[in-house]
Amino acid sequence: MEKITKPRGTMDVFAPDIFAWNYIEKTVRETAEKYGFTEVKTPMFEEIGLFRRGVGETTDVVQKEMYTFTDKDGTVFALRPEGTASVARAIIENGKATDTLPLKYFYLINCFRYEKPEAGRSREFVQFGTEMFGAPSPGADFTVISLANAVITKLGLKNIRLHINSIGCPACRPKYREALVEYLRGHRDELCDTCLDRMESNPLRVLDCKNDSCKKVAEGAPRTVDHLCPECEAHFSELKSYLDACGIEYVIDPHIVRGLDYYTRTVFEFIAEGIGSQSTVCGGGRYDGLMEQLGGPKMAGIGFGMGITRLILAMKQDGVEIPALAVPELYIASMGPKAAVEAARIVTDLRASGVNAECDIMSRSLKAQMKYADKIAARFVLILGDAELESGRAVIREMASSEQTEIALDAVAAYLAEKRS
């Protein structure tokens, strides 16, 4: 019979990689909560119109990358390609826009995009994201950038640099767009077919193209920061003042535009060196008009998305040591059915008190159990048979030193606590 394999662009995660996933998820949750963000959960699929209106009709995500399906009632849904639009929809639908501002949420979600699988890019991926609504000041921009920086620092990553840019607002962007399109028309022979289409519909995306010829064209393109209105220029200048004051280093990068239509003013990326072409481990920015686009109130917004897979690649590149799963403090090797039951009882009591303990459930020989205890790196092993059950005492061995001590069976927890202190 032909075996069934996982869908292309997805992954199965086992130990030791799962330790990295768990460690990162724990770190991002703790950090977000310290910054006053609370977790939000939204559906894995939404009506397709949400992403068309929120993400943008001309983006690659909407035009090429969404996984869609038609429900039995004819409604077209899409697996979420990102998290921001869903959170904005949830805030509007659940009346959260009237809560005390700013609204600060984070999430860990699975996202889906039909893309060419490669290192750091898959069709199903896990994203840590934050959203802050109701705070239009540069201090809000700094807060989310600072949160992202804190996560990266806590994970021990060294070779990552913050790149920032401002892409203006509806007041100043039309003039920049006009200048950019005029420049691109003069270089149309050097652009790839995709960028020729983008040139008129979404010219900022040309600046983000990875095609070598398009990258050369982008290098000479007009810069967004040279076409900002006074308000956007002041906003960007104040953000830099926050970063400078708090010692967060950055590079002003005119090629950072982000790929979604809802971005305005501040955009940023944390870029890792040495993990391949997909080197952006975190990307985000401001989206002050998104709420209104989705039928909600006028409300400023800013946030970021951080890919877990890319963080793991960066951690491996930097040689960051990942905390492994805690090893058992005690393994009980049992001989005979009565001893196996008593071992299970002792282990159950120990686990209830917070001790990581194991016992044999495979009916292995004593020799095989000792080998297994060594393999799982148990700190102590207690051998339990009929004689031990009758006397109420057993020998416990510290595996590293081979030191053996006879203890009462009802004193196992106390003995381990003493050794732990």
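The values are calculated or read from the model by the stated rules, or taken from the named source; none is laboratory data. This structure is a prediction, so every number in the text was calculated from the model and none was measured. Methodologically, a virtual Cβ is constructed for each residue, glycine included, from the backbone with ideal geometry; neighbour enumeration extends over all protein chains shown.
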Take the conditions in the same structural domain as R121 (by TED's automatic domain parsing) and in contact with a Gly (Cβ under 8 Å, 6 or more places away or on another chain) and apply them to L409. Does it pass?
no
Residues of region 269-308 being surrounded by 24 or more Cβ atoms within 10 Å (Cβ to Cβ), within 12 Å of the chain's Cα centre (by Cα) and at pLDDT below 95, which ones?
V281
State whether one or more residues within region 334-346 are touching a residue at least 60 places away in the same chain (Cβ under 8 Å) and not assigned by TED's automatic domain parsing to the domain that holds T38.
yes
Taking the conditions exactly as written (within 31 Å of the chain's Cα centre (by Cα) and among the acidic types (D, E)), does D212 satisfy them or not?
yes
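For every residue, the table says whether it meets (1) buried (at least 23 other Cβ atoms within 10 Å of the Cβ); (2) over 17 Å from the mean Cα position of the chain (by Cα); (3) assigned by TED's automatic domain parsing to the domain that holds S391.
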residue: Y262; (1), (2), (3): yes, yes, no
residue: R265; (1), (2), (3): yes, yes, no
residue: A324; (1), (2), (3): no, yes, no
residue: S353; (1), (2), (3): no, yes, yes
residue: C359; (1), (2), (3): yes, yes, yes
Has region 243-257 got at least one residue that is among the small types (G, A, S), under 17 Å from V267 (Cα atoms), outside any loop (DSSP other than H, G, I, E, B) and in the same structural domain as K116 (by TED's automatic domain parsing)?
no
Any idea how many residues of region 8-47 are among the aromatic types (F, W, Y) and either loosely packed, with under 13 Cβ neighbours inside 10 Å or in a helix (DSSP H, G or I) (or both)?
4
